[in-house]
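Nothing in this text is a laboratory measurement; each read-out follows from the coordinates by a stated rule. Please read these numbers as outputs of a predicted model, since none were measured by experiment. Virtual Cβ from ideal backbone geometry, glycine too; neighbours counted across all protein chains shown.
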Amino acid sequence: MSRLLIKESPVMIIPSLAVKIGLNEAVVLQQIHYWLGISKHKIEGRIWVYNTYEEWQQQLPFWSVSTIKRTILSLETKGLLLSANFNEIKMDKTK
């Protein structure tokens, strides 16, 4: 058996969610849900997760940064994801 199947962290796919909102959106939303469960960042009464697109791409290396950008924009447009920039330095586009 390949060591890759044992040593890597899995990415979850919920089939019914993928059917409803799209495969890419379901994977990203599940990944964000995972991080929200362990995040200690609370701003304005909400728990937040923050990563650059490149950091998301490190977690989901089978997609390009542009695919991740499109997927996050799709989730925002569908009202399933709230994104904001709370950085003091406005040039910091961490999302």
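Of note:
- Calculated P(r) of the chain - Cα pairs past 17 Å, %: 56
- Stretch gain in nm, segment GLU76-LYS42, where the contour uses 0.36 nm per residue and the Cα spacing is subtracted: 10.3 nm
- Each helix, a run of at least 4 DSSP H residues, gives -39500 (n - 2.57); summed and divided by the residues of the chain, these come to -14000 deg cm²/dmol at 222 nm.
- In Hz, Karplus ³J(HN,Hα) per residue of region 17-26 (6.51, -1.76, 1.60; θ = phi - 60°; x = Gly, Pro): 5, 4, 5, 6, 10, x, 5, 4, 4, 5
- Applied to region 59-65, the Karplus parametrisation 6.51 cos²θ - 1.76 cosθ + 1.60 on θ = phi - 60° returns per-residue 3J(HN,Hα) values of 7, 10, x, 7, 10, 7, 4 Hz, with x for Gly and Pro.
- Protection proxy ranking for 38-44, 22-28, 62-68, 76-82, using the average of other Cβ atoms within 10 Å per residue and placing the highest first: 22-28, 62-68, 76-82, 38-44.
- A full extension of the chain between ALA84 and GLN30 corresponds to an added length of 17.6 nm, given 0.36 nm per residue minus the alpha carbon distance.
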